[in-house]
Every structure is written in structure tokens, then in C-alpha cells.
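Engineer: Sharing a structure here in C-alpha cells format.
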Amino acid sequence: GERQAARRVASCPQQHSPRRLSGREKREMQREILALLGLPGRSAPAGARHSPPPSAAPLFMLDLYRAMASQDEDDGTSWAPQRRRALDGADTVMSFVNVVELDRDIFYQKPYWKEFRFDLTQIPTGESVTAAEFRIYKMQSVTRHINQTLHVSIYEIVQDHPNRESELLLLDLQDFLAGTEGWLAFDVAAASNHWLLNRKYNLALRLYVETDAGQSIDPGLAGLLGRHGPRSKQPFVVTFFRASQSPARLPR
Amino acid sequence: AVRQPRKKQHKRTNSFPHANRLPGSFDDVHPSEGKHVCRRQELYVSFQDLGWLNWVIAPQGYSAFYCQGDCAFPLDSCMNATNHAILQSLVHLMKPDTVPKACCAPTKLSATSVLYYDSNNNVILKKHRNMVVKTCGC
């Protein structure tokens, strides 16, 4: 009975005088912090040290981070509704840089297109996609009248075939004036869900541009920037994930 | 890897105004002034000191708030006490050997976010719910 009482009395954390941690203890503490924050326990990625990564995605993500941090502070009441919707319920947001780009431009037969591939091997398991955007920067089209409407469509490449046209799934279609300049965002949540459920998918998106009359336009000539554009204007995919609603942390 | 709370933190005092304290004879038993009352403390973990800033984009460090202090009866308004803590403190006074004092613990938690590169130079923003202590109480 006395032992039980002693245990109960000691249930509040005791106040210890501070002491210096040993090197091993410090490393263990650092590993604990990494684990708590969901950070992989490693040093800098190989590419990050030497060649700077494309900066469009980090800039966009930094903006999201600030929005999320302000949400934590003020419960998100001061946000734009669009931003609040995108971040609501998201536990993880990942941006994927375009790793391969293929062009069917004016040196090929019509229709012209641009194809983007992403490395999604590190997408988290056990999480569901709440939203996903393909973001691409558009300059003013130099070959078109600025008031001409362009139809930009994004497809998921469901399956590649060597000798015939790939199987495509329409994801989003938007209209822009040829004179439009700025970031365009397309909804690619369906593709992200497919990629999350089945990693053997192609992981590629294809973009077409057409006029009102159905004439195919080279995306480059329509002002859409790809991998060879400025670093701050390179295309990327951003995906919002929600963690499974597990009520308890796994014991370590 | 850790440093003492920043200068402004020294100014932070008990966030629950003493003006609301219960007057009377209890003050003679447990004067709050000079006593280490339950309150929020900050332990800043600098990611720069840990050498993580070449892949953690933001934040630059993490304010690991914690709760520290005594929960001594009467648990008046300055201690943000729950009804349960008040009852437990009373029972503790009656049976100090069997019932522990109420604990100084977080009463409100909020989320924190971390922005970092993965090994493929993709950028990840991760939100952790219930990680930051906003208020402490008994």
C-alpha cells in the first residue's frame, strides 16, 4: 500500500536541477525531435548542398507555410477563403518538381503537347489526397492576339503504348486569354489519387492548348513555361494530404 | 543544442491576472507572490545550432513550451485550475500520503508546421497537431 501511494504521489513530474547532456544523449534527443516532427533522420539531401533546387516550388510552399502558421495563431479567420479551403484538414503538403519534360512542338505533327513527369516515390502511405494542383507559369503569347481565347487542357497519362497513342484521362480544362500572364493552377486531384493508390502508374501529365476553332497550338508559343524557363517560374505539382484519423500515437 | 529563453520571455509572467484572485485568509496560507506558480515556460530548440538549416526551410527553430510550477491549494484563478484539480487538491490536503497534488500541465495545445526538403528536392510541409503548449493550468 505504501509503495502504491508513493507511486501516486510521484505522478507529477519532479523538478530536476538542469544538467549537461552527454554526446550520446544529445544525439538521442535530436533523433527524438526529428521523429516527433516527422523529419527523416539524415543530413542534407545530396542535391541541396551543391546545385540549388528549382525555386518556384519552395517559394510557393513557403507562402503556404506562412498561411498555415498564421492559421495556427489566429485560427485562420483572416485568410482568403480559397487558401483556407486548400489547407483545411491537410496535415502534409508536398510539392513535386518536374523531373522529365517531353515536347511535341512545331517540329512535329499536330497536335502539339507538353508532357511533365514527377517523382512521387516518396508520397506518404496511409494518407489520403484532399486536393492537388498542377501549377504552370504563363507568359503573354507573342504569336496570338492578346484577346484571343486559348483552351488549356490537362490529361493524366493512364498508359503508354509504344506504337500508338497513349491512353489519356481528362483532368481539367480552363480557358485563358492569350495575353494572360501569371500562374495557372489545374486540378489534378484525380491523378494524385491514382498515383497514391497504385505506384505503377505513369506519373505523367500532358498539356494541350487549342484555339476556339480547335486548332492545336504549341504550348511554348502560347507562353507556357517548362523546365527551361526561369527557376522561379518552373512547373510543379502540389498535393495536399490528410493523415488517417488514428486517435493514438504509435508507441516507440 | 538548446538555449535559454529569449529576452522577451523573461518579461512573460503568469498570464492569469492576479486581480481575480480570491481574497481572504487563503492568502496568508499560500501567498502567490514569490511562489513558483504553474505557468508556461519556453525552451527554444535552434535548428541552426543542430545543423539542420540546409534542409529544414522553416522554421529556424522550435519553441518547445512546457508547463512548470506548483499547484497549491487554493487553486484560484491565477492557476487556470479545472474543477477536477480543485477537488483533487482538496482530497490531497485530506490524504496527502495517498492522493497526489494536482499537476501543472498543458490545458490548451495548438499545431505547428515544418517545411523541409526531402532527398529528391521535393518540398514538404508537415503540420503537427497538438504540439505547442498555449496555456498551462492545474
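The values are calculated or read from the model by the stated rules, or taken from the named source; none is laboratory data. Being a predicted model, the structure only gives us computed values, none of them experimental. Methodologically, a virtual Cβ is constructed for each residue, glycine included, from the backbone with ideal geometry; neighbour enumeration extends over all protein chains shown.
Engineer: Mind checking whether some residue in the range B:92-106 is β-branched (Val, Ile, Thr) and either without any contact (Cβ under 8 Å) to a residue 40 or more places away in the chain or more than 9 Å from chain A (Cβ to nearest Cβ) (or both)?
Structural biologist: Within the range B:92-106, one or more residues are β-branched (Val, Ile, Thr) and either without any contact (Cβ under 8 Å) to a residue 40 or more places away in the chain or more than 9 Å from chain A (Cβ to nearest Cβ) (or both).
Engineer: Hey, any hits in the range A:129-149 for a residue that's part of a loop (DSSP other than H, G, I, E, B) and under 30 Å from residue B:128 (Cα atoms)?
Structural biologist: no
Engineer: Under 9 Å between Cβ atoms, at least 6 apart or on separate chains: pull out the pairs that start in the range A:97-112 with a residue that is under 29 Å from residue B:124 (Cβ atoms) and end on any residue that is polar (S, T, N, Q) and assigned to a loop (DSSP other than H, G, I, E, B).
Structural biologist: Listed by first residue and then by second, the contacts come to A:97/A:234; A:97/B:120; A:97/B:121; A:97/B:122; A:98/A:234; A:99/B:120.
Engineer: If you don't mind, there's one more thing I want to ask. State the number of residues belonging to the range B:124-138 that are crowded, with 20+ Cβ neighbours inside 10 Å and either within 23 Å of residue A:88 (Cα to Cα) or without any contact (Cβ under 8 Å) to a residue 40 or more places away in the chain (or both).
Structural biologist: 5
Engineer: If you don't mind, another one. Just give me the residues in the range B:32-46 being out of contact with any Cys (no Cβ under 8 Å at 6 or more places or on another chain) and either assigned to a strand (DSSP E or B) or modelled with pLDDT of 85 or more (or both), in sequence order.
Structural biologist: B:42, B:43, B:44, B:45, B:46
Engineer: What is the residue count in the range B:51-85 for residues that are surrounded by 15 or more Cβ atoms within 10 Å (Cβ to Cβ), assigned to a helix (DSSP H, G or I) and either of a type in the set (S, T, N, Q) or modelled with pLDDT of 80 or more (or both)?
Structural biologist: So the answer is 1.
Engineer: Among the candidates A:136, A:123, which residue alone is modelled with pLDDT under 85 and within 20 Å of residue A:239 (Cβ to Cβ)?
Structural biologist: Result: A:123 is the single residue among A:136, A:123 that is modelled with pLDDT under 85 and within 20 Å of residue A:239 (Cβ to Cβ).
Engineer: Among the residues of the range B:101-114, how many are surrounded by 18 or more Cβ atoms within 10 Å (Cβ to Cβ) and not in a strand (DSSP E or B)?
Structural biologist: Qualifying residue count, the range B:101-114: 3.
Engineer: Looking only at residues that are out of contact with any Gly (no Cβ under 7 Å at 6 or more places or on another chain) and of a type in the set (Ser, Thr, Tyr) in the range B:107-138, which one is farthest from the other protein chains (Cβ to nearest Cβ)?
Structural biologist: Restricting to residues being out of contact with any Gly (no Cβ under 7 Å at 6 or more places or on another chain) and of a type in the set (Ser, Thr, Tyr), the top hit is B:135.
Engineer: Out of A:203, A:170, A:177, report the one residue that is more than 27 Å from residue A:230 (Cα to Cα) and of a type in the set (A, V, I, L, M, F, W, C).
Structural biologist: A:170 is the lone residue from the list that is more than 27 Å from residue A:230 (Cα to Cα) and of a type in the set (A, V, I, L, M, F, W, C).
Engineer: Okay, next question. Report those helices (runs of 4 or more DSSP H) wholly inside the range A:14-93 carrying at least 1 residues which are surrounded by 12 or more Cβ atoms within 10 Å (Cβ to Cβ), at the interface with chain B (Cβ under 10 Å from one of its Cβ atoms) and modelled with pLDDT of 75 or more.
Structural biologist: A:23-36, A:56-74
Engineer: Hey, any hits in the range A:143-166 for a residue that's surrounded by 13 or more Cβ atoms within 10 Å (Cβ to Cβ), small (Gly, Ala, Ser) and more than 24 Å from residue A:220 (Cα to Cα)?
Structural biologist: Taking every residue of the range A:143-166 in turn, none turns out to be surrounded by 13 or more Cβ atoms within 10 Å (Cβ to Cβ), small (Gly, Ala, Ser) and more than 24 Å from residue A:220 (Cα to Cα).
Per-residue answers, yes or no, for (1) of a type in the set (Gly, Ala, Ser); (2) modelled with pLDDT under 90; (3) within 21 Å of the chain's Cα centre (by Cα); (4) not in a strand (DSSP E or B):
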position	(1), (2), (3), (4)
A:199	no, yes, yes, yes
A:205	no, no, yes, no
A:219	no, no, no, yes
A:222	yes, no, no, yes
A:227	no, yes, yes, yes
A:240	no, no, yes, no
A:250	no, yes, no, yes
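Engineer: Right, next: Applying the selection to the range A:195-236, what residues are of a type outside the set (A, V, I, L, M), more than 16 Å from residue A:99 (Cα to Cα) and surrounded by fewer than 18 Cβ atoms within 10 Å (Cβ to Cβ)?
Structural biologist: A:198, A:199, A:200, A:211, A:212, A:214, A:215, A:216, listed by residue number.
Engineer: Okay, next question. The conditions are (1) polar (S, T, N, Q); (2) closer than 24 Å to residue A:31 by Cα; (3) surrounded by fewer than 20 Cβ atoms within 10 Å (Cβ to Cβ), and residue B:121 fails exactly one of them. Which is it?
Structural biologist: With respect to (1) polar (S, T, N, Q); (2) closer than 24 Å to residue A:31 by Cα; (3) surrounded by fewer than 20 Cβ atoms within 10 Å (Cβ to Cβ), residue B:121 is out only on (3).
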